[in-house]
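One structure is given below, encoded as structure tokens.
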Amino acid sequence: MNTVEKARALAEPVCGELGLFLWDVRFEKEGALWYLRIFIDRDGGIDMNICEEFSRRFNEILDREDFIAQNYIFEAGSPGLGRKLTRPEHFAVCEGDEVRLKLFKARDGSKERVGLLIEHTETGFTLAYSADDEGKPIETESFDYRECTSVNLNDDTDLF
């Protein structure tokens, strides 16, 4: 089990106890420093008190388990408004939300799309760009996860 997998396995029960959803775990090097970042959320959002409670409990586990060999900085926080969608469960939770994606290769002259995430599968997802008077999608486009460099919730509320 690598560092991220181990941290995820240890963080999930703490999230469950606190009524949180574990959004993501990252172990990243920035310059000379390593960061263990745990992104948490819940319906209605989180605040600093929730992050502090999670951090307090998870720090005890990190100290006890001591599974990371190098020095690192631990951070816990919200995935934010423009959160990355990287796992199938992210796409499931975000169905009905507007997303922004970037493609490896351009389609119709553009590498970017913004649309409503209307469905997902194990291999990809579909966006809607317009709807009829009853709200049924008219113009849609499907993507394979492997085509995308990134998919994020769209935090630019002025686009539509």
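The values are calculated or read from the model by the stated rules, or taken from the named source; none is laboratory data. A quick note: this is a predicted structure, and the numbers were derived from the prediction, not measured. No Cβ is skipped: glycine too gets one built from the backbone with ideal geometry, and neighbour counts run over all protein chains shown.
Values for this structure:
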quantity: Condition check for Phe67: in the same structural domain as Leu20 (by TED's automatic domain parsing) and surrounded by 15 or more Cβ atoms within 10 Å (Cβ to Cβ); calculated: no
quantity: Test: residue in region 111-125 that is touching a Gly at 6+ places or on another chain (Cβ under 7 Å) and either among the aromatic types (Phe, Trp, Tyr) or farther than 21 Å from Leu153 by Cβ (or both); calculated: no
quantity: Hits in region 119-139 - residues which are part of a strand (DSSP E or B), surrounded by fewer than 16 Cβ atoms within 10 Å (Cβ to Cβ) and among the β-branched types (Val, Ile, Thr); calculated: Ile138
quantity: Yes/no for Ser142 being part of a strand (DSSP E or B), of a type in the set (S, T, N, Q) and more than 19 Å from Glu89 (Cβ to Cβ); calculated: yes
quantity: Cross-chain or 6+ apart pairs with Cβ under 7 Å, region 9-24 first and in the same structural domain as Gly45 (by TED's automatic domain parsing), then among the hydroxyl-bearing types (Ser, Thr, Tyr); calculated: Asp24/Thr86
quantity: Every pair of residues 6+ apart whose Cβ atoms lie under 7 Å, when the first sits in region 93-107 and is more than 16 Å from Leu117 (Cα to Cα) while the second is part of a strand (DSSP E or B); calculated: Phe104/Thr149
quantity: Options Glu98, Glu60: the member that is of a type in the set (D, E, K, R) and modelled with pLDDT under 95; calculated: Glu98
quantity: Candidate set from region 145-160 (those that are assigned to a loop (DSSP other than H, G, I, E, B) and touching an Asp or Glu at 6+ places or on another chain (Cβ under 8 Å)); member that is modelled with the highest pLDDT; calculated: Asn154
